Each structure stands twice: as C-alpha cells, then as structure tokens.
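Note sheet for the following structure.
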Amino acid sequence: MYRLSEEQIDYILNDIRRGGIETEDLQLNLLDHICCIIERELGENDDFGHFYHSNVHRLYKNNLREIEEETVNLLTFKNYYTMRKVMIRAGVLSATFFIIGSIFKLQHWPGAGVLIVLGIVSFSLLFLPLLCIMKAREVRTSRDRMVVALAGLIGILFSLATMFTVMHWPGANVLWFSSVGVSGLVLLPVYFFTGIRHPETRLNTSLMSVLILGISGLQFTLLNTRPGPSQGHVRVQAWIAEETLLQSMQPDSMSVAAASITNLCTQIKSMALANAADNPTLKLREGRPGDEFTQAGQGVKLLAALQKAVYDYNKVHGHAALPYDGTLLDNDLSQTGYQYTNLSLLTAVTQLQMYLANAEGNHRIAAVIK
Amino acid sequence: MIFSSELIKGTLKTIVLKMLADNGRMYGYELTQKVKEQTADRIQLTEGALYPTLHALEQEGLVTTQLEYMGKRVRKYYSLSPSGQTRATEKVSEFAEFVNTMKLLLDTDLKTA
C-alpha cells in the first residue's frame, strides 16, 4: 500500500480546488476518495505524479467542475420546487386578500384595511422576492441578474409605498421617491445598456425602456414634491376662517347678557393670543390652567366667569341655546389636570361666539348656517 | 456487461440508501467498492454521480454524517437517519415492484414480437 505524504495530499487538494470544486464538503469527499484510490492501486515504489495525472480523469467525463455543478443543481433543484410552491401560495393568498379587501372597502365594512395590508405584505415581501430569486436563476449574466434584482426591489418599494399611502402612515413620500428614483436613475440605465448591446433584444429593450420611463414619469408627477401643511397650520387657518366669518355674523343689536359674554370671550381670546405671541403659528402647547393660560390665574378666572355667564344665558334662552356639554366650558376649572392648548381655546371661544350671534337673532346668518 | 449511466442515475438513490441500510455507516469510496464487489463489477458508481447524490440526501435529512480526521484528510461517513431508514424500505420495495412490472412489460413485448 502506498503511503501519501502531506505534500502530496496538499497537492491533490489544490488540484481539486483548481479544477473548480468550490464546495468545501465536496473537496474533502473527493480528496479522501482520490487518496483511497491511490493507496489501493499504487505500488510502494511507483511514481505518484504519473499515476495521479493518468487516473484523475476517471472521476469525470470532461472536467472536474461537472461534479460541483451536478451537486449544486441537485441541491437547488429541490429548493426550486419548495420555493415555487411557496411562491404560488403567496400569490394566491395575496390575490384573495386583495379581492376580499376590495369588496369590503366598497361596502365600507370593517376589516378592509387589514385585508388589504395583508395582501400587500404577502405580495411584496413573499411573492415578489421569491419570483425575483427564481427569475434571477433563469438568466445567465450577472448584469441580467442585477436587472431582475432591481426590478424586484422597485416592485417591493412600489407596493409598500402604496400601502403606506392608503394607511396614512408616515414615510410614504420617502418610499415613493425611492421607488421612482431607483427605477428612473438606476434600473433604466442598467436595463437599457444591457439590452441595447445585443441585436436580438434591441427593439424590445427600447420599448421597455420607454415604458419604464413613462411609468416613472407618471408616478413622479403624482408625487407631492413640497411638504404638505402641518396639522397645526391647518387648524390655525381654520380658526382664522371662523374668526373672519364671525365678524360678518355680528348681530345688529345684542342683549345685555350676550354683550357680557362677548366681552368675556374677547378678553379670553386676547389673553390666549398674547400667550402665544412668541409663537406666531400658535403651535399647540399643552398646559394646565394656572400654568400656561395664566397671568396670575386671570385666565382661569375669566373662563370661570364665562362658564357661569353661558350657564345663565342658557337658563333664560333654553337649554340648547349655546353649546355647553362636552365643550371647553364643561370642565371643572379647579382641576388643574385639565389639558388644553391656546389654539383649542381660541377655536372653542370663537365657535361659542358664532352660536351666540346665531341665538341673538341674526336671521340672515342663521339661514346661511342652516 | 456494464450498465449505462442513464440506467444507474435513476436508481442511484435507491442503491445508496440500500447500501447504507445493509452496512451501517460508510464513506464514499467504500460505497463504490462495495457496489462494485456485490454486482461483480457490473455496476460501477461514478464519483460524478455519487457525491452529488450523497449531498442531496444529506440536505433532505435522509442521511446523517460523521467526520473523521486522518491527518490532513477528513473522511466523511454517511449513515441513515430514521427518516432515511423508512425511505430506504419504501424505495427498495418500489424498485422491486418496478422490476416486476418491467419484466411483465418486456415479456409481453417479446411474445408479441
């Protein structure tokens, strides 16, 4: 029996690696196999190099690499079927969620949002990636693989952006910009220059590039490139509009009680405005009576007076003349835990004044309101 | 007579599972030698088919492996897992059934010819 030296074993292992066997497991298997053959068949005084090179080709038909390829094929082939099965199921599942979710949405039944989100999630995070991986296996060059990967990424971004938009989740705009950006600035050039080189794909590539450009362009025009108005800003605008409307609603004459309510309202509003003077947008400020709306408790005193005046007014003019229950006034002002903001105070007081103007019998305006 | 590689390819899993069921743990070279010996040289497993199959069986969980270090070399021993034992029985009986059916088919063909 021939005894292999360590150098000879290293030599065989290197030769196996050079031959294109990359899987470590397979390298070790083949190394042991070749060593066994040599030990079994080579005489003690025979030449190792000569025997090795004249016998190694027994292992393969054309080259050693085919063993590696066959192994990889066998291993991935099995995964291929599992992946295809999962992919088809995910596809059916997301389609079902979409269809049922859409029916729910049309009927305004509860649960439509959940169904649509589940549909988009299974579509974008299960179906699309699997489709992408399987398509990437079918193409040959790494450039084609990159195109497939990019297309998959854009598909995922696109569906997630849609989901974020319909659910009013923050970050939708960022997702839209990324999906349009990646498709227009990365996918399009890569795809175009990959396909245009080969005469047989030239026409198709040009058409598809125009299509990608068109879709990205359309999507871009739909995008809001300027940040939208903030919630607080919208509410300030709404208050200003109400205040303007109130000016034109003022009745020609007012009862004494109404005049005193108007007086209180004006004082409260100017105090709230002064309080927010350092903050022209009237940014929402949380606080407690006595903390924020204060000036030595003056604000709270005014509010208490308003509370009483409205209560008395309603006693005379009927229970529902001015709104009281559930409004800002419907609170125990001695409870310091009560939270309010300057803006909500302004809005509440202005709205109270509008009701007052209505109750005081400006019938022209009452008709408009109704 | 040595059988064609196409014939052996379809039955290689069955052969390997059966060999492991009969002999316990075995390594690659040992498998080829044993098959050769038992079939009087008529079936010779090629390395290019055997090792990919062994890897696939390992991934499917039908065989378990043990590594034995011998200096710079590592020998990988294969043995059947519990699910591999069940599969071996299934495969062998399936193939025996197949051989019987083939006999039937070929006999009829011979008669009509």
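The values are calculated or read from the model by the stated rules, or taken from the named source; none is laboratory data. This one's a predicted model, so the numbers in the text were calculated from it and none came from an experiment. We place every Cβ from the backbone using ideal geometry, glycine too, and count neighbours over all the protein chains shown. Side chains included, ligands, DNA and RNA excluded: accessible areas come from the protein's heavy atoms. Shrake-Rupley method; radii C 1.70, N 1.55, O 1.52, S 1.80 Å.
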Which of the residues spanning the stretch B:35-47 are under 25 Å from B:T86 (Cα atoms) and buried (at least 20 other Cβ atoms within 10 Å of the Cβ)?
B:V35, B:L45
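For residues that are assigned to a helix (DSSP H, G or I) and open to solvent by less than 20 Å² (accessible area, probe 1.4 Å), scanning just the stretch A:11-24, find the one that is farthest from the other protein chains (Cβ to nearest Cβ). If you could, list the steps in order and put the result at the bottom.
From the stretch A:11-24, those assigned to a helix (DSSP H, G or I) are A:11-18, A:24; that's our starting set.
Okay, now just the ones that are also open to solvent by less than 20 Å² (accessible area, probe 1.4 Å), so A:12, A:16.
Numbers: A:I12: 9, A:I16: 11 Å.
Applying the filter and picking the extreme gives A:I16.
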On the basis of being on the phi > 0 side of the Ramachandran plot, open to solvent by 40 Å² or more (accessible area, probe 1.4 Å) and at pLDDT 70 or above, does A:G326 make the cut?
yes
When (1) within 30 Å of B:T64 (Cα to Cα); (2) in the same structural domain as A:L125 (by TED's automatic domain parsing) are applied to A:S102, the one that fails is (1)
Which ones in the stretch A:38-87 are more than 26 Å from A:G19 (Cα to Cα), in contact (Cβ under 8 Å) with a residue 12 or more places away in the chain and open to solvent by 90 Å² or more (accessible area, probe 1.4 Å)?
A:E44, A:R84
From the list A:S142, A:S122, which residue is out of contact with any helix residue (DSSP H, G or I) (no Cβ under 9 Å at 6 or more places or on another chain) and either open to solvent by less than 40 Å² (accessible area, probe 1.4 Å) or without any contact (Cβ under 8 Å) to a residue 60 or more places away in the chain (or both)?
A:S142
Can you report the number of residues in the stretch B:15-34 which are more than 14 Å from every other protein chain (Cβ to nearest Cβ), open to solvent by less than 20 Å² (accessible area, probe 1.4 Å) and touching a residue at least 24 places away in the same chain (Cβ under 8 Å)?
2
Filter pass, A:G290 being at pLDDT below 65, in a loop (DSSP other than H, G, I, E, B) and on the phi > 0 side of the Ramachandran plot:
yes
Among the numbered criteria (1) of a type in the set (S, T, Y); (2) at pLDDT 70 or above; (3) closer than 24 Å to A:G232 by Cα, which single criterion is violated by A:Y338?
(2)
State which residue is most open to solvent (accessible area, probe 1.4 Å) when the search covers only the stretch A:171-229 and only residues that are within 20 Å of A:R143 (Cβ to Cβ) and touching a residue at least 40 places away in the same chain (Cβ under 8 Å).
A:Y191
How many residues does the stretch B:35-66 hold that are facing chain A (nearest Cβ under 8 Å) and outside any helix (DSSP H, G or I)?
1
Selection within the stretch B:67-76 - under 21 Å from the mean Cα position of the chain (by Cα), within 7 Å of chain A (Cβ to nearest Cβ) and farther than 24 Å from B:S5 by Cβ:
B:R75
Hits in the stretch B:56-96 (condition: buried (at least 17 other Cβ atoms within 10 Å of the Cβ), farther than 16 Å from B:M19 by Cβ and touching a Phe, Trp or Tyr at 6+ places or on another chain (Cβ under 9 Å)):
B:R75
Please go through the stretch A:25-55 and pick out each residue that is at pLDDT 90 or above and not in a helix (DSSP H, G or I).
none
Determine which member of the set A:Q8, A:Q27 is in contact (Cβ under 8 Å) with a residue 40 or more places away in the chain and open to solvent by less than 60 Å² (accessible area, probe 1.4 Å).
A:Q8
Run down A:I38, A:I67, A:I103 and say which single residue is more than 10 Å from chain B (Cβ to nearest Cβ) and farther than 16 Å from B:K72 by Cβ.
A:I103
Could you tell me which numbered condition B:T46 fails, if it satisfies all but one of (1) at pLDDT 90 or above; (2) closer than 26 Å to B:E6 by Cβ?
(1)
Quick one: how many residues across the stretch B:77-105 are of a type in the set (F, W, Y), over 14 Å from the mean Cα position of the chain (by Cα) and in a helix (DSSP H, G or I)?
1
Of the candidates A:K135, A:K105, the one satisfying the condition of being touching a helix residue (DSSP H, G or I) at 6+ places or on another chain (Cβ under 8 Å), among the basic types (K, R) and surrounded by fewer than 16 Cβ atoms within 10 Å (Cβ to Cβ) is A:K105
